[in-house]
Each structure stands twice: as structure tokens, then as C-alpha cells.
């Protein structure tokens, strides 16, 4: 059986928005080639083990398992991150946060200490390290399994020497003289922000780690805790960039104003026009 025959057999059975693309990605993964190669070699026969692997992968997709977990990697900001079920799948919305972080840091060469809170796969921390060679980054996560994935990705892209990984709940209880000297010019976070009741009604519930999704009753529980701690950790005139749930804009703004006295606060929309990034900048003394 060749690649074309398998795709013709499997694609109609896939229930997704882009069944042809999903089928091609899985088959290319099984065959060990890029999708572009697969499309140029559809007459290539598969070995019996490859056919078995493809059928198993398609069965997992049909059962509801997200495609990125099946192939074990996913693209973010042009980088191919390895992932497991212990971390969230990197999403395009988070690229907006990274874009703003890179732009601000590049415009402020004296600012190079960054904290990535709830690092997960390490997508934010690793991407920043790739684009800012002299940055020093602390990446924290409450999940040891997630930190293992993040460390792996840092090593994969050869930026592990720029990132300190720390297992803790948001931030350490005490300011330690880490490589960042205890203060950060920039704090980034894509923390769990989906309200509990909303999450339980979503297709991702049970398919991605609940620990990384559930933000409590209104989705802002963990952000309240972070913003309570942040003033002690943020360097003078520093910045905070937070990804938020699309309906939380007004509440997130209010929370930020309640947490700081002298700051500039902005909401940024994603490509779909939804509130997505909360930006908090301390004013100059």
C-alpha cells in the first residue's frame, strides 16, 4: 500500500476542520519526512510496520487525542518544539506575547533579565533565548514533568545555558541571588486562565493537562497571586506581559490597577480581535 492509497482510505474518516492536512501530517511523521516530501512522493510504498504505525496514529486521532501529542512536536514562532501530554500545546495566540517581549527587549539593550512563569514546554523562554543571545531567563513551573520537557527543548535549541529552570508555585518564596540577581526587567506568563466551568465544556478538557488550563472560578485566580508577588520581583521601570482569556479583558485591567499604584496598563488584541495580552509597565521613578 502506498502513501496515496492510505491517505484516500483514512482522510474521510477524520473528523476535524482540516482532515486532509491532519492525515498528511501524521503520515509524513510515520514515514520520517516533511509533509512537502510526502506530497511529492505519494507513490512511495509503506513498509508493514509503517502501515501499522499509521493506523495506530489515525485511531488515536479518531479517539480525540490532539494531533500534536500524537506526533510529539509542534511549531511555535518558527521553531519545532517537542511536547508531551504533560504540557499545553503551543498556540499562535501566545506568539503575540513573544513578539511584544522581543520588541521591547531589543529596544532596551540594558534590559536582559526575564522570568517566564508557568513555562510548560518552554516555548516562551526558549524563543526569547533564541532571539536575544545575551538574555538571562528564569523559567518556573509547578510541574516537574513540564520542566523536563522545557529543559529538553532548551537543550534541543542549544540555549540551556541561558535559562535557569526552577520548580515552584509561580515564583520562589524568597528572592534568591540567581543569575538574574533577584529582579526581572520583564515578567512573562501564559498561566491557566480558563474559568473552571467553561473549561469543563470545552473539547480540550481531559485532552490537555487541566493543571495548565484551569484558572479557577473566573479564570484569574493564579494571575491574582502572580500580581501580588510581582512588585517585589520586578526591576525598576520593568514590564509584565500576560496572556489572558478572550473574555477577561475588563476584569484583568481592573485586577492590574488594583495591584499597582503607578503603572501604564494596556490591552492588546490577537489577530481575531479578541483581548489577549495584558501589558503592565512601571512608570519611571
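The values are calculated or read from the model by the stated rules, or taken from the named source; none is laboratory data. Model, not experiment: these values are computed from the prediction. So basically every Cβ, Gly included, is an ideal-geometry build from the backbone, and we count neighbours across all protein chains shown.
Remarks
- If the condition is being without any contact (Cβ under 8 Å) to a residue 40 or more places away in the chain and surrounded by fewer than 16 Cβ atoms within 10 Å (Cβ to Cβ), then region 192-203 contributes 197, 200, 201, 202.
Table: residues versus (1) more than 19 Å from residue 207 (Cβ to Cβ); (2) surrounded by fewer than 12 Cβ atoms within 10 Å (Cβ to Cβ).
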| site | (1), (2) |
| --- | --- |
| 11 | yes, no |
| 26 | no, no |
| 33 | yes, no |
| 38 | yes, no |
| 43 | yes, yes |
| 54 | yes, no |
| 62 | no, no |
| 65 | no, no |
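- Exclusive hit being farther than 21 Å from residue 95 by Cα, in contact with a helix residue (DSSP H, G or I) (Cβ under 9 Å, 6 or more places away or on another chain) and touching a residue at least 24 places away in the same chain (Cβ under 8 Å), set 230, 217, 189: 230
Yes/no matrix, rows are residues, columns are (1) out of contact with any strand residue (DSSP E or B) (no Cβ under 6 Å at 6 or more places or on another chain); (2) under 30 Å from residue 56 (Cβ atoms):
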site: 76; (1), (2): yes, yes
site: 84; (1), (2): yes, yes
site: 93; (1), (2): no, no
site: 96; (1), (2): no, no
site: 105; (1), (2): yes, no
site: 109; (1), (2): yes, no
site: 115; (1), (2): no, no
site: 121; (1), (2): no, yes
site: 143; (1), (2): yes, yes
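- Yes/no for residue 85 being part of a loop (DSSP other than H, G, I, E, B) and either touching a residue at least 24 places away in the same chain (Cβ under 8 Å) or under 25 Å from the mean Cα position of the chain (by Cα) (or both): yes
- Just one of (1) within 30 Å of residue 172 (Cβ to Cβ); (2) surrounded by 18 or more Cβ atoms within 10 Å (Cβ to Cβ); (3) not assigned by TED's automatic domain parsing to the domain that holds residue 229 fails for residue 79. It is (2).
- Among all positions in region 256-273, there is no residue which is out of contact with any helix residue (DSSP H, G or I) (no Cβ under 8 Å at 6 or more places or on another chain), surrounded by 13 or more Cβ atoms within 10 Å (Cβ to Cβ) and within 22 Å of residue 143 (Cα to Cα).
- Tally, over region 37-54, of residues that are within 11 Å of residue 1 (Cβ to Cβ) and free of Cβ contacts under 8 Å to residues at least 12 places away in the same chain: 2
- Residue 122 being touching a helix residue (DSSP H, G or I) at 6+ places or on another chain (Cβ under 9 Å) and either modelled with pLDDT under 95 or outside the structural domain of residue 214 (by TED's automatic domain parsing) (or both): no
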